[in-house]
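The structure appears right after this line, and notes come after that.
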Amino acid sequence: MHGAVVPIRSQTVTGSTVTDVTFTNIPQNYQDLMLVISARRTDSATSSSVLWISHYYTGVSASALSTTSLLADGTSASSSRQANQDACYMGIVPASTATTGIFGSLTWHCFNYANTSTFKSALARSACDLNGSGDVRLSTGLLRGTGAITTINCSTFNGSAFYSVGSTFTLYGIRTVGQ
């Protein structure tokens, strides 16, 4: 059925030193991709407890990604922009200073990921508790390249910050007409 969400692959963090979760050899037969994340980090610096998502294919420039975000914390709202990056900053997950056992959630949608004639765009929604305060974000990312996305990497981008055991990353494909 058109628009059906089909699970492709899921990964759950079981080790204590995981900084990256990567999906490779992504099937190219769906219209869009959706990534659903429930995660937490082990570092204590809340401001650096971010989730970066990189899209890979042959020939993409290391500075071809940009992100624009709207964020709110219950007290104030703001926006941010990162241009010419090697990853899209798509959300925040709680650090070890947040309430024990609380994981943040993020849903990421990448449109026309297999198309080889258009740039790739993505939308993400994330929310988490930060030990009494919170963080809600709406982000959009752009990959300035036309190759099909075959690999997605979710990273802490910090060699001493790890995803907590139990963090889950599930990749889905959105079917097209005729599938």
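Bear in mind these aren't lab numbers, they're just calculated from the coordinates by the rules spelled out. Remember, it's a predicted structure, so these values are computed and weren't measured experimentally. Note that we place each Cβ from the backbone using ideal geometry, even for glycine, and neighbour counts take in every protein chain shown.
Tell me the net charge near L106. Cut-off is 12 Å between Cβ atoms, L106 excluded, with +1 for each Lys or Arg and -1 for each Asp or Glu. For residues surrounding L106, the net value is +2. Placing unit charges on each Cβ (+1 for Lys and Arg, -1 for Asp and Glu) gives the chain a dipole about its Cα centre, and among A95, S160, I174 the Cα reaching farthest toward its positive end belongs to I174.
Highest mobility in the GNM of the chain, judged by mean-square fluctuation with C-alpha springs under 10 Å and restricted to N131, N84, N25, is found for N25.
Across the chain, Cα pairs under 8 Å and at least six residues apart give a relative contact order of 42 percent. Compared with the alpha-carbon gap, the fully stretched path from I8 to S121 is longer by 38.7 nm at 0.36 nm per residue. Charged neighbours of S121, selected by a Cβ distance under 12 Å, balance to +1 (K, R count +1; D, E count -1). Phi angles across segment 84-101 convert, under the Karplus curve 6.51 cos²θ - 1.76 cosθ + 1.60 with θ = phi - 60°, into 3J(HN,Hα) values of 6, 9, 9, 7, 9, 7, 10, x, 10, 10, x, 9, 5, 7, 6, 3, 3, x Hz, Gly and Pro given as x.
The magnitude of the dipole of the chain, with charges of +1 and -1 set on the Cβ of Lys/Arg and Asp/Glu and taken from the Cα centre, is near 300 debye. Within the set (i) 1.23; (ii) 0.96; (iii) 1.02, the number that Rg/Rh (Cα atoms, Kirkwood Rh) takes when calculated for this structure is listed as (ii).
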